[in-house]
Amino acid sequence: KNNSFIVKRVVEGPVFSKEPGNLRNLHSYKFSGLANAKTLDITDSPSGVQITARKTKAVASAVKTAYAKSSIRPRSGSRRAQGIVAQYTKRGYRPDLRTAALARVSALVAAQKEPKPTLPKKIRGKKAKVVEASSE
């Protein structure tokens, strides 16, 4: 009923979870990264987006060897993200989480994009006439 990952913001609102492997960040069995044997954990890393999948035949005591990692470079785009997510679902690895995984990967790839430089606003109206008159 309770664990250290639960986040309750509003009394009557949804209960969220911060556990690793929870793609929707909702406190439910379906999305839990701790309760399920097959989990996908999608995180942000300096080298891009890192996807960590728990191996299905891993022993419970195994820590590092129980996970398979793949990464998406920062400027690879949404098609690459879709391909990686489709790769897991085609193998039957939690196909019910396909949309959640794609949404998380797409959001992280978009967040890592460098913003375009903003152009200075053109001065219009009376202020433009004043600037034009002072330059002459």
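Per-structure values
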| read-out | value |
| --- | --- |
| Residue within the range 3-12 that is open to solvent by 50 Å² or more (accessible area, probe 1.4 Å), out of contact with any Phe, Trp or Tyr (no Cβ under 7 Å at 6 or more places or on another chain) and of a type in the set (S, T, N, Q) present | yes |
| Qualifying residue in the range 111-126 (condition: in contact with a helix residue (DSSP H, G or I) (Cβ under 8 Å, 6 or more places away or on another chain), of a type in the set (Gly, Ala, Ser) and at pLDDT below 90) | no |
| Leading residue by the ranking (farthest from the chain's Cα centre (by Cα)) among those in the range 13-24 that are free of Cβ contacts under 8 Å to residues at least 60 places away in the same chain and open to solvent by 60 Å² or more (accessible area, probe 1.4 Å) | PRO14 |
| Subset of the range 90-109 (residues that are in a helix (DSSP H, G or I) and open to solvent by 20 Å² or more (accessible area, probe 1.4 Å)) | LYS90, PRO95, ASP96, ARG98, THR99, LEU102, ALA103, ARG104, SER106, ALA107, LEU108 |
| Any chance SER76 is farther than 26 Å from THR56 by Cα, open to solvent by 90 Å² or more (accessible area, probe 1.4 Å) and polar (S, T, N, Q) | no |
| Verdict on GLN112 being open to solvent by 40 Å² or more (accessible area, probe 1.4 Å), in contact with a Gly (Cβ under 8 Å, 6 or more places away or on another chain) and either more than 11 Å from GLY48 (Cβ to Cβ) or of a type in the set (S, T, N, Q) (or both) | yes |
| From ALA60, ALA53, ALA66, ALA37, residue being over 16 Å from ARG98 (Cα atoms), surrounded by 13 or more Cβ atoms within 10 Å (Cβ to Cβ) and aliphatic (A, V, I, L, M) | ALA66 |
| Subset of the range 37-80 that is among the hydrophobic types (A, V, I, L, M, F, W, C) and out of contact with any Lys or Arg (no Cβ under 9 Å at 6 or more places or on another chain) - its residue that is modelled with the lowest pLDDT | ALA60 |
| Filtered residue count, the range 6-31, keeping only those that are assigned to a loop (DSSP other than H, G, I, E, B) and either in contact with a Cys (Cβ under 7 Å, 6 or more places away or on another chain) or not aromatic (Phe, Trp, Tyr) (or both) | 17 |
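The values are calculated or read from the model by the stated rules, or taken from the named source; none is laboratory data. Here the structure is a predicted model, which means the values were calculated and not measured. Cβ sites come from the backbone with ideal geometry, for glycine too, and all protein chains shown count toward neighbours. Quick note on the areas: whole protein, heavy atoms, side chains included, nothing else; ligands and nucleic acids left out. Shrake-Rupley method; radii C 1.70, N 1.55, O 1.52, S 1.80 Å.
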